[in-house]
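**Student:** One structure follows; several queries about it will come next.
The values are calculated or read from the model by the stated rules, or taken from the named source; none is laboratory data. Since we're looking at a predicted model, the values are computed, not measured. Here the Cβ is made from the backbone with ideal geometry for all residues, glycine too, and neighbour counts use every protein chain on show. Note: accessible area is taken over every heavy atom of the protein model, side chains too, but ligands, DNA and RNA are not part of it. Shrake-Rupley method; radii C 1.70, N 1.55, O 1.52, S 1.80 Å.
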Amino acid sequence: MKSAIILHGKPSRETYEDPSTPVPSQNHWLGWLRSELGQKGFVVSNPEAKEPYNPQYDLWQDAIAGLDIDFETTLVGHSAGASFWLRYLSENPTLNPEKLILVAPWIDRSKYPDFFDFQIDADLSHRVLGAISIFNSLDDSAQVQNTVGEIQASLANVELREFTNRGHFTL
């Protein structure tokens, strides 16, 4: 059965604690994507990491614990969520998802060295059965542009979809 796991990024603490802001897993376009994929027959999960404003890898792992990742699973990550998927898949070489979609992938080892303590597994291109796609806006931060470059240098056959005037793909 087709499934998708959509993982949010790292909000600021102020945004996270603001009661008028949706939880990260439903914020921006993530809730919309869940609905769209559900209408297409996907079983969709939007896990919620604890204290996502201060990303800790073990807490993000806990958020996806128990979710099956197999040859019919599409993984979607936004910002730090995209980079989480890169690390998780790099550290779990037996996983072979159908697709990996990275939206505004962000790695900042200087700010969060523990969360981003990994090297991208070059074999990942061969383990993702379908496409690895990056959605990048050219007006996003320099850090995101550097991350996109790092991914392209590490992985073969990455589909890069570039946009303008989309910023960090937040609404």
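**Student:** Considering only C-alpha atoms, what is the centroid distance from the range 1-34 to the range 64-116, in Å?
**Tutor:** The range 1-34 and the range 64-116 have Cα centres spaced 15 Å from each other.
**Student:** Roll a 1.4 angstrom probe over the protein heavy atoms and tell me the percent of accessible area of the chain that is carbon or sulfur.
**Tutor:** Percent of accessible area from carbon and sulfur atoms in the chain: 48.
**Student:** Over the Cα atoms of the range 1-63, what radius of gyration and what Dmax do you get, in Å?
**Tutor:** 12.5, 38
**Student:** Additional query: Among Leu102, Gly41, Ala153, whose Cα lies farthest out toward the positive end of the dipole of the chain, if unit charges sit on the beta carbon of Lys, Arg (+1) and Asp, Glu (-1)?
**Tutor:** The listed residue farthest towards the positive side: Gly41.
**Student:** So, for the chain, what is the accessible surface per residue at a probe of 1.4 Å, expressed in square angstrom?
**Tutor:** Value for the chain: 49 Å² per residue.
**Student:** Grab the other residues whose beta carbon is less than 13 angstrom from that of Leu75, score K and R as +1, D and E as -1, and report the net.
**Tutor:** Its environment carries a net charge of 0.
**Student:** What is the sum of charges, Lys and Arg at +1 and Asp and Glu at -1, for the other residues whose Cβ falls under 12 Å from the Cβ of Pro11?
**Tutor:** That sum, taken over residues with Cβ under 12 Å, equals -3.
**Student:** Given the range 90-136 reduced to its alpha-carbon atoms as identical point scatterers, what log10 I(q)/I(0) does the Debye formula return at q = 0.16, 0.25, 0.31 Å⁻¹?
**Tutor:** Taken in order of the listed q values, log10 I(q)/I(0) reads -0.52, -1.03, -1.13.
**Student:** Return P(r) of the range 79-171 (all Cα-Cα pairs; 10 Å bins starting at 0; whole %; ordered from short to long distances).
**Tutor:** 17, 53, 28, 3
**Student:** Farthest toward the dipole's positive end in the chain, which of Leu129, Pro55, Ser12, given Cβ charges of +1 (Lys, Arg) and -1 (Asp, Glu) about the Cα centre?
**Tutor:** Leu129
**Student:** Can you sort Val148, Val23 by solvent-accessible area, 1.4 Å probe, largest first?
**Tutor:** Val23, Val148
**Student:** For the chain, what number results from the quotient of the Cα radius of gyration and 2.2 N^0.38 Å?
**Tutor:** Here the Cα radius of gyration is 0.96 times the empirical estimate.
**Student:** Would you mind computing Rg(Cα) / (2.2 N^0.38 Å) for the range 39-126, counting N as its residues?
**Tutor:** 1.06
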